[in-house]
Amino acid sequence: MEKRKIKNPWLHREGYNCFGCAPGNEYGLKMEFYDEGEKVSCVWKPSANYQGWIDTLHGGIQATLLDEICAWAVMRQMGRAGVTSKMETTYKRPIKTTDEWIRLEARVTETRRNIAYVEAAIYDMQGNLATHARCIYFTFTPEKAREEMGFEGCELEA
């Protein structure tokens, strides 16, 4: 399956400054996402700006990365926007801020009415699982997502 970049549906929306995915947020993570069929992925560059312990990516930043990719998996795979209801994060090994990149993946594993269950993971440069998360997402109706969030879907770039 080829991976294709997901267009950010809020890029030109006034007031958009998401810490996770807004490219113009000078303090933000500037994440970009790709559709890989059954999962959404992101390759991200850690830096010392986001460290906890020396040369180690802060656990709160890891949780933010995972929460953000879960939201994008819900948007892309379900065509709906929503909010995190619950998140369980397991840290298995440290992630170095000196690594050139890390890889994140997420997929919706189950849906029940307006609830989405999502699993996500962060892998280090060697492909080792570093952090895992399970999220429960409350999804909005398409009408509410459009009215309150300006969400009309996640298209793919050509």
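Dividing the convex hull volume of the alpha-carbon atoms in the stretch 18-158 by its residue count gives 115 Å³ per residue. Quote the relative contact order of the chain in percent (integer), defining contacts as alpha-carbon pairs under 8 Å separated by 6+ residues. Reported as a whole number, the value is 25 percent.
Placing +1 on the Cβ of every Lys and Arg and -1 on the Cβ of every Asp and Glu, with nothing else charged, gives the stretch 4-149 a dipole about its Cα centre of roughly 300 debye.
Given the Cα-Cα distance of residue 27 and residue 3 and 0.36 nm per residue of separation, how much length would full extension add, in nm? All intermediate terms of the calculation are to be shown ahead of the outcome.
Details: separation 24, 0.36 × 24 = 8.64 nm, distance 2.75 nm.
Length gained between residue 27 and residue 3: 5.9 nm.
The angle between the Cα long axis of helix 59-78 and the longest principal axis of the Cα atoms of the chain comes to about 30 degrees, rounded to the nearest 10. Along the stretch 23-32 the Karplus relation, 6.51 cos²θ - 1.76 cosθ + 1.60 evaluated at θ = phi - 60°, assigns HN-Hα couplings of x, x, 7, 4, 9, x, 8, 6, 6, 10 Hz to successive residues, with x for each Gly and Pro.
Taking θ as phi - 60° and the Karplus parameters 6.51, -1.76 and 1.60, the scalar couplings of the stretch 45-51 work out to 9, x, 8, 4, 4, 10, 8 Hz in sequence order, x denoting glycine and proline. Phi angles of the stretch 89-97 translate, via the Karplus equation with coefficients 6.51, -1.76, 1.60 and θ = phi - 60°, into HN-Hα couplings of 10, 10, 9, 9, 7, x, 10, 7, 6 Hz per residue; Gly and Pro are given as x.
Tell me what the chain gives for mean residue ellipticity at 222 nm when only DSSP H runs of n ≥ 4 count, each as -39,500 (n - 2.57), the sum divided by the residue total, rounded to 500 deg cm²/dmol. Walk me through the numbers before you get to the answer.
Details: 1 runs with 20 residues, N = 158.
For the chain, the value works out to -4500 deg cm²/dmol.
Coordinate-derived values only; no laboratory data. As the structure is a computational prediction, the values presented were derived from the model and not from experiment. When we count neighbours, we look across all protein chains shown, and the Cβ atoms used for this are built from the backbone with ideal geometry, even at glycine.
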